[in-house]
Structures are given as structure tokens and as C-alpha cells.
1. If ligands, DNA and RNA are left out, what is the accessible area of Ser52 with a 1.4 Å probe, given in Å² to the nearest 10?
2. Binning at 5 Å from 0, report for segment 70-173 what percent of all alpha-carbon pair distances ends up in each bin.
3. Taking only the Cα atoms of segment 59-107, how large is their convex hull per residue, in Å³?
4. Using θ = phi - 60° and the Karplus relation 6.51 cos²θ - 1.76 cosθ + 1.60, list the HN-Hα couplings for segment 76-81 in order, rounded to whole Hz, with x at every Gly or Pro.
5. Using protein chains only and a probe of 1.4 angstrom, how many square angstrom of Thr133 are accessible, to the nearest 10?
6. Within segment 97-198, which GluC sites (Glu not before Pro) sit in a loop by DSSP and count at most 10 neighbouring Cβ atoms inside 10 Å?
7. With the cut-off at 26 Å, tell me which of the pairs Lys129/Lys153; Lys74/Lys143; Lys102/Lys143; Lys102/Lys173; Lys53/Lys143; Lys85/Lys173 have Cα atoms farther apart than that.
Amino acid sequence: MKNSRLVLLTIISLFLISCVSTIPGEKAVILQNLSTEYFNIAENYLAQKNYSKAIENYKLSLRSAKNENLNQTKYQLARAYALNKNFGEAEDIFYDLYQQEKTNTILAESLAYCYGKNGKLQDSINIYKELYTKTPYQEEIAKNYYLLLLETKEYDEAKIVLEKFKIDFPESKNISVLEENFKKATEVPKETETENKSDIKE
């Protein structure tokens, strides 16, 4: 049923293209409607987890000369790219949007996530450090910042963040998991311990 609706929306879109009027005002309305139709098609594909088709239609919506929801469409396109594991493309769009609205926490976290997936861990940490400083009582931000610190072996800072986490979120179910993460990250492998002992001279 959903596929039939998408086919219908595509036919309507093609019909709108063929009917673009020479009257300026009417043409603008038709182009806006066309952009909206492509956006709606993309949203349906996204809901069905058909990310490649969603990407295709978000891009078609952006190409319309009258897209009045430009940033919203760009954001959804970046989300579709990320969900499709095209993190490079997602990063580029999130970066542009973040430069326009640096107080937007969602954009900051989205960009930091893409940085991490693209191996730019220090860039990701820099964003999360700023978020953590500005919003210290956001549990998810504190957790992600802590995990990035472990990933980059900044154990002293990670320990500080962990202790503060336990104070700020004493009832969090994440505490035991985060403590275990720290233990695993900092423990010395048994093979290394054995090698060290064998190096000790009597």
C-alpha cells in the first residue's frame, strides 16, 4: 500500500513538472508543491528504511527552485546519509548546518557522531567537550564524552568525568557499564604482566 502511494506521488510530481505555468506567481506555487512532494516521498522511504531512495528524493526536493524548508530538507538528507553509512556526505551537510547554528545541540551531536565514524576522534571530542561544559547535566552528552575519552586513552580526564557522572546521575543504569568500560580500557593484559615479571632480575 505504501509503495502504491509512493508511485502515485511520483506520478503527481511528473505531472506538476509538465504543467509549470508561465504565470510567475502560479509557477512559484507549483515549484513549491513539487519540492514538497519530493520531500514527502523521501520521508516515506526513510520510514521504510529505504535510505538510498530517501536520499535520491531529498536531493530532488533540494533541486527545486522553491524549497522553502531548505535546512530541514538538508538535515533529513544528512540523516539519511548517516543511516545509510555514508558518513562523509553526512558530515559535510551537518558541518554546513552547524556553522549556521552553533547553539543547536542536535546538530553538534550529529556532527560529532559523524566525525567519530570518519575517524576524526579529536574533532569529535572537541565538540563533546564544549557540549559537556555548556550542558553538564545532560546524561547522554556526558556518557558520549566519557566514552570518547576512553577511546583516545585520555584516562585521567575520563576518570574525572566518570566520578562527576556518578554524582550528577546517581540513579543512572549506565554507571556500572561505564565503570566496567573504564576497567577494561585501563587493565593491563595478563601476557604483558607475565612479560614484565620475567624481565625482573634477581
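The values are calculated or read from the model by the stated rules, or taken from the named source; none is laboratory data. Please read all numbers here as calculations on a predicted model, not as lab measurements. Glycine also receives a Cβ, built like all others from the backbone with ideal geometry; neighbour counts cover every protein chain displayed. For the accessible areas, the whole protein counts, side chains as well, though only heavy atoms, and no ligand, DNA or RNA atoms are used. Shrake-Rupley method; radii C 1.70, N 1.55, O 1.52, S 1.80 Å.
1. About 70 Å², ignoring ligands and nucleic acids.
2. Per 5 Å bin, starting at 0, the Cα pair percentages come out as 2, 13, 23, 20, 18, 12, 8, 3, 0.
3. Spelled out: Cα convex hull of segment 59-107, divided by residues, is 74 Å³.
4. 5, 4, 4, 4, 4, 4
5. Using a 1.4 Å probe on the heavy atoms, I get roughly 100 Å².
6. Passing sites in segment 97-198 are Glu171, Glu187.
7. Details: Lys129/Lys153 15 Å; Lys74/Lys143 28 Å; Lys102/Lys143 21 Å; Lys102/Lys173 31 Å; Lys53/Lys143 34 Å; Lys85/Lys173 29 Å.
Lys74/Lys143; Lys102/Lys173; Lys53/Lys143; Lys85/Lys173, as the Cα separations exceed 26 Å there.
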